[in-house]
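The numbers here are math on the coordinates, done by the rules we state, and not lab data. Given the structure is predicted, the values throughout are model-derived calculations rather than measurements. When we count neighbours, we look across all protein chains shown, and the Cβ atoms used for this are built from the backbone with ideal geometry, even at glycine.
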Amino acid sequence: MIARRIVPYGIAVVGAVAVTAAIGVVETYAKVGGLSAMYLLLVLWLGATYGRWPAVTASVAAFLLYDFFFVPPVGTFTVRGPSELLELVVLLAVALVTSQLAASLRRTQASAEAMATQSQALYELAIAALQAPEVANALSLLCGRAAAIPGVKRFAIAAVVDGKGEILAGDTLSADELGQAVWSFETRRTIGMSLSGGTVRAMRTHPDRTEPAYVPLESGVAVIELGDTTPSTDDARMLAALIGLAGLLLDRRRAAREATRARALEESNSLKAAILSSVSHELKSPIAALRAGLTALVAPRAGLTPEQQDLTRDMDRQATRLDHMVGDLLALARLEAGVELHREPHSFADLVGASLRQVRSELQGHEVTVDASEDLPAVDVDEMQVGRVLTNLLENAAEWAPDGGGILVGAAEHDGQLAAWVENDGPAIAPTDLDRIFDTFWTQRMTGTGLGLAICKRVIEAHGGTIRAENMRRGPRFTFTLPLAQVASARAQ
């Protein structure tokens, strides 16, 4: 090892002696000026090949040899006059500057070659990792490359899902280290290492021992433990690039998992909608036949006793309730399946009037007020579906309003849409339930199915509108928007 370091300096001295001999041979036959420039060729070659200090050694050796053999008085290191001294100083200065430039060029070339080599290696690794069918295999390939960097003792990639850490690739981690990785991910704090400017820098709190560093990524954590030797500048850049590539692979893994989950959820929803639609459709006919039979039994000519008639009426009410629930299930299944709406211009006042007539029995004992002018622009809606929305909201208001309580139905044009609302006297809705109230099967009633408001939301959203619940002074209010008909919009322009 020591001999290898001494060789460049020996070459510098021997080269200077050889150049001196060559100059002496030339001057024996002819007097040629500027032969001292031959030393510069040697200095340039040494600087480009071995670096700065061998070139400096050759410069000093050339200065001394040229002074001893060619500067009068020859054979001594003294200088006869200022001109000869100036010539020697210029020779030394030029040699030193030349050696510095050559050495700088060599370092730049070596750095460029190292960077090109690292870029090629990183490119090949990235292509191999991204083409790998499984993200785990790609991460294992990446961890192996990171562990091969001089100064890297351990390298691991951990994913964090729902507050739990999981080692995906690389070296093993203890339970404490995995817990520390989870904490780093959740707090988004880097521990023991800084990552900036395309490079990494270790920050050790205990110089006498090594500890793992934790770098949080978008979907996981990179755990790196450096050894006693610090990676070089080029290796630090490579390590930073590998950490960034690990982040991309973790994002790819997260996207694949979300896509799989979304696909499974979509298939589940489609199956649920198909089952609901099939079951609801099959139940419609027997329920209709049951209601028809019960209605016939209640007739006087059926000959039933008063007690039997009361029982039959109660059965008819239950059958009606079941028919209503099956109808809601069928409507919900069709809406979730994306049934096509039959949209036409309709007067909102006419829609409200039809719904009030349909639920007039439920509204008995309540004071109903309609604040919807007949001059309102027509709405572009499916008459049957929007009628279902109004019917469900009116039934809901009638159920929660106290005896003799008021119910208000209103509408007004607002921002190019029709804003309508149904409000009733009664207890307020809990603030935590204002958003959940439109969820499927959510209800606070003992006998309700939790489908009415869910159907309202899907119908309104199918029309491109919104619906919300809010508490007013008198009680709850449900406000929804509907699109205006194009005929009305054109007339307004």
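Our coupling estimate for the stretch 252-264, obtained by passing each phi through the Karplus curve with A = 6.51, B = -1.76, C = 1.60 and θ = phi - 60°, is 5, 5, 5, 5, 5, 5, 5, 5, 5, 5, 5, 5, 5 Hz, Gly and Pro reported as x.
Pairs of C-alpha atoms in the stretch 132-260 farther apart than 23 Å represent 25 percent of all such pairs. Across the stretch 460-477, coupling constants 3J(HN,Hα) worked out from phi with the 6.51/-1.76/1.60 Karplus curve, θ = phi - 60°, read 5, 5, 5, 8, x, x, 10, 9, 8, 10, 8, 9, 9, 5, 7, x, x, 10 Hz, and Gly and Pro carry x.
Taking 0.36 nm per residue of sequence separation and removing the Cα-Cα distance, the Leu322/Thr295 pair yields an extension gain of 8.2 nm.
Put in line by how crowded their Cβ is, counting other Cβ atoms within 10 Å and starting with the fewest, Tyr39, Tyr66 read Tyr66, Tyr39.
Scoring 462-474, 378-390 by mean Cβ neighbours within 10 Å over their residues and listing the highest first yields 378-390, 462-474. I want to check the label-to-label distance for Thr108 and Asp435. Put each point 7 Å from Cα in the C-beta direction and report it in nm to one decimal. Distance between label points: 6.0 nm.
Karplus-derived 3J(HN,Hα) values for the stretch 285-300, using 6.51 cos²θ - 1.76 cosθ + 1.60 with θ = phi - 60°, are 5, x, 5, 4, 5, 5, 5, 4, x, 5, 4, 5, 5, 6, 4, x Hz; glycine and proline are entered as x.
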